[in-house]
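Data block below; observations after.
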Amino acid sequence: MENKADSTKKLIVTCARQEFLDAGFHNASMRKIASAANVTTGAIYRYFPDKRLLFFAATEEAVSSLRGMIDRLTDDALIGAAEGVSYGEETSKTNIVMLYNLIYENFDQFYLLLMSSDSTDSVDFLHEFVEMEERSTLAYIDALKTRHGSKYEIDKIALHFLLEAYVSALLEPVRHQMSKEDAIFHSQNLSLYFSVGWLGLEEIMKKEK
C-alpha cells in the first residue's frame, strides 16, 4: 500500500511534468508546481533538492523503459545470431513497432527529454541512447563473427556516426509530434536501409574468415 509520502512525491512529479511541458525547463516555476500539487515549495525541495533532479524524476520512467527494451532486443538478437537467424527486414519492422509503442506510451516524457529540458539533459539522453545502440550493435557483430568464424573488424568511428544519425532520425517523429501511425510508417521505411546493411555485413563476414 502506498504511503502518504510516496503519494505526495508521485503527485509532485506528475505536476512537475506538466509544468515542464507548458513552460520548458528553464521557465518552469517551482511555485506553480507546488500550487498544482497542493504542497509548499519547501516540501518539493525536501524530495528534490534542485530542479534538474525533479526533471530526472519526471522523465525517469521513459529512460528506464527504453533501457529495458534495448536490453531485451539485444538478447533476442544475440540468440538469433548464435542460431543462424539473420537480422532482416521483418525483424527490423517489428522492432520499430515495439519502439514506438514504448515511446508513445510515455510520449510526454520523451518529448520533454528532447524539447523541454536544458541542453545538457537533452545531450545526455541522446548520448545514452546512442551508447546503448552501440553496445547492442557491437555485441551482435561479435556474435556474428563467432557464428561465421570471421575476423572482420568494423570501423567503430564510422559506426558511431551511423548510429548517431539513425537515433536522431528515429526521434524526429517525437520532435514533430507525429501520430504513432505516421512515426511507424516513415521509420519502417528508414529501417529497411539498415536491415539491408546488416544482411550485407553478414555476407562479408562469411567471406572474411
**Message:** Taking the Cα centroid of region 12-35 and of region 89-132, what is the distance between the two, rounded to the nearest whole Å?
**Reply:** 21
**Request:** Assign unit charges at the C-beta atoms only (+1 for Lys and Arg, -1 for Asp and Glu), then state the dipole size of region 1-49 relative to its Cα centre in Debye, rounded to the nearest 20.
**Result:** 120
**Request:** Could you pull out the pairs from K32/K180; K51/K180; K93/K156; K9/K51; K93/K151 whose alpha carbons sit more than 22 Å apart here?
**Result:** K32/K180; K51/K180; K93/K156; K93/K151
**Asked** Which order results if I44, I204 are arranged by neighbouring Cβ count within 10 Å, fewest first?
**Response** I204, I44
**Fill in**
Rounded to the nearest 10 degrees, the helix 89-105 long axis (Cα) sits at an angle to the longest Cα principal axis of the chain of 0
**Prompt:** For region 1-49, what is the relative contact order in percent, using Cα pairs closer than 8 Å and at least 6 residues apart in sequence?
**Reply:** 34
**Request:** Using DSSP to define loop residues, name the GluC sites (Glu not before Pro) in region 57-107 whose beta-carbon has at most 16 other beta-carbon atoms within 10 Å.
**Result:** E83
**Complete:** Rounded to the nearest 10, the angle in degrees between the Cα long axis of helix 119-148 and the longest principal axis of the Cα atoms of the chain comes to 30
**Fill in**
Asserting the computed 222 nm helical MRE of the chain (DSSP H runs at least 4 long, -39500 (n - 2.57) per run, divided by residue count, to nearest 500) equals -28000 deg cm²/dmol
**Request:** Select from L114, F129, L144 the residue farthest towards the positive end of the dipole of region 106-149; place +1 on Cβ of Lys and Arg, -1 on Cβ of Asp and Glu, and compute about the Cα centre.
**Result:** L144
**Message:** What do you get for trypsin sites (Lys or Arg not before Pro) in region 82-184 restricted to DSSP loop and a cutoff of at most 12 other Cβ within 10 Å of the site's Cβ?
**Reply:** K151
**Complete:** Cβ-Cβ cut-off under 14 Å around T74, Lys and Arg +1, Asp and Glu -1: the net charge is -4
**Histogram of C-alpha separations across region 59-207, 10 Å bin width, %** = 11, 40, 34, 13, 2
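No value in this document is a laboratory result; all are computed from the given coordinates. What you see is a predicted model; the values in this text were computed from it and never measured. So basically every Cβ, Gly included, is an ideal-geometry build from the backbone, and we count neighbours across all protein chains shown.
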